[in-house]
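Inspection log for the structure reproduced underneath, given as structure tokens.
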Amino acid sequence: MKKVLLLPALSALLSVSLHAGDDDVNVLGYYAVSNSLDGQPMIDMVNVLRFYPVFAMRDSVAQVSVTVYYGGNIFERDAQRMDDGRYWQVLLPIFRLGEAIQRIEVDVHFALDARFRSRYDDAKDYADLGKSQYRSEQDLKKERMKKATEEAAKIGIEYLSFRDLRKAMQKDENLYRQKRDSVLTIKKRPSSDTSKVDRYVKDYLSAGESYISSYKDINAEIERGYARLDSIRDGIADDIEAGLSDTLYSGPSVRRSDLIIDSDFRSARILYRNYKKGLRHLVALDPAERLGIFRVRYVPFPITALPKKSKTSLRGPFGSDFTVFEVGLTFGDAIVTGDDFVTPQFAWNRLGVAFAITEKLFSDSAQVIALALTYDFNSYGSVGLGGNFAQGEANPYFSFGINKKAFEAVLSALAGIFK
């Protein structure tokens with residue numbers, strides 16, 4: 001067990017020597033212009049996402065919110081404006097080894113061109129002005145009717161009597177004169193008030209008839225004015241949508257269904273969505289694998305022999321003879337660096353060479369077990385085939401290598417089973 005525990009120290013030493021001076025921040029870049037993602041989440045590191053808006057919209061962006069779907073979790077947070085708006089940065093959640101991002105959504109809130117607001121404001125002002133003018137005309141007519149009623153009350157003809165006189169004039173003029181004379185007699189008004197009463201009644205009826213006759217026409221004009229406003233609003237919205245859904249302008253992922261335009265045309269929102277299946281292959285990695293060309297593997301079950309000392313056999317992970325590590329170089333970068341590319345089942349750039357060594361690498365008794373050709377079937381494991389031709393012998397070597405973090409996870413899981 002002590003030999004197995006040497007793995008973290010060896011891997012840490014090698015990793016530190018290679019990463020000395022690097023920041024402990026892993027950056028993933030999301031580019032709106034291509035709807036693509038660069039980078040890969042890492043464990044034991046601070047992961048941040050940098051969203052880069054298209055250049056033409058950069059200065060108008062006011063707010064950016066990022067939603068990340070990973071595993072069974074949903075992570076949502078507002079991004080911060082950085083470097084004078086060149087990108088917006090948000091802290092990502094903590095990933096465990098092997099967790100992958102299913103999809104990313106970026107909600108971008110930005111200001112629209114002032115010319116759209118100007119067109120809308122002009123049309124709205126025109127419609128509101130027409131409504132105000134028509135309403136003012138009607139208000140004047142109502143004011144004339146109110147004034148006629150008030151003037152009649154000053155000479156003693158209250159509202160009910162004045163209403164009866166109006167109705168009588170609308171039916172028959174002789175009937176009206178009889179009612180008028182009767183009211184003046186009852187109210188003990190002089191005959192000189194006769195002409196006043198006639199004027200008040202006629203003025204009221206004239207204003208009332210004009211009000212009623214123009215009511216429908218005025219409402220129709222108001223409706224036409226706002227229908228014109230709606231038409232202009234729809235035209236502005238179509239112009240905005242046509243511009244923003246142009247993939248050459250806003251990016252290939254934007255559709256009309258991803259646009260929300262504010263009713264006053266002062267701002268809008270675009271939802272950039274990256275649902276590519278390739279994201280599921282961007283699993284969280286051990287930072288020690290980040291360079292791609294260098295990796296250390298623990299070999300729990302090597303098939304080999306020490307020259308002149310033992311026979312070729314399957315060795316267990318806790319054998320008393322030795323513990324085997326593979327330190328090697330790969331021919332290419334096995335880490336998927338963008339969501340447009342998924343490494344195929346077999347790729348030449350996953351091949352590499354490695355030295356199989358014992359845990360006593362830095363002591364006088366260190367031994368090189370074999371030189372092997374390796375293949376990384378993923379970022380956590382590899383298989384190896386080689387041999388040791390020292391001292392005139394040809395001892396074969398077969399191996400299954402595993403990443404340090406992955407092996408620690410396996411040991412933790414096993415420990416939990418046998419508690």
**Complete:** Per the 1/(1 + (r/R0)^6) rule, R0 = 30 Å and r from the Cβ atoms of Arg103 and Asp78, FRET efficiency to 0.05 is 0.95
**Request:** Pull up all non-local amide H partners of Tyr87: gap of 5 or more, or a different chain, and H-to-H distance under 5 Å with H placed in the peptide plane.
**Result:** Met82
**Complete:** For segment 139-238, the Debye formula with one identical point scatterer on each Cα and no solvent gives log10 I(q)/I(0) at q = 0.10, 0.12, 0.15, 0.17 Å⁻¹ as -0.41, -0.50, -0.64, -0.76
**Complete:** If the chain between Asp198 and Lys311 were fully extended at 0.36 nm per residue, the gain over the current Cα-Cα distance would be 27.4 nm
**Message:** Which residues does the label zone of Arg189 cover in segment 146-175, counting backbone N under 16 Å from a point 7 Å along Cα→Cβ?
**Reply:** 146-169
**Prompt:** For labels at Arg266 and Ile212 in the simple 7 Å Cα→Cβ model, what's the distance in nm?
**Reply:** 4.5 nm
**Message:** Neighbour counts of other C-beta atoms within 10 Å: give me Lys404, Lys311 arranged from fewest to most.
**Reply:** Lys311, Lys404
**Message:** I'd like the FRET efficiency for Ala242 and Lys124, computed as 1/(1 + (r/R0)^6) with the beta carbon distance as r and R0 of 25 Å, rounded to 0.05.
**Reply:** 0.70
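Taken together, the values in this text are just the output of simple stated rules run on the coordinates, not laboratory data. Computed from a predicted model, the values in this text were never measured in an experiment. In this analysis, Cβ positions are derived from the backbone assuming ideal geometry, glycine residues included, and neighbour counts consider all displayed protein chains.
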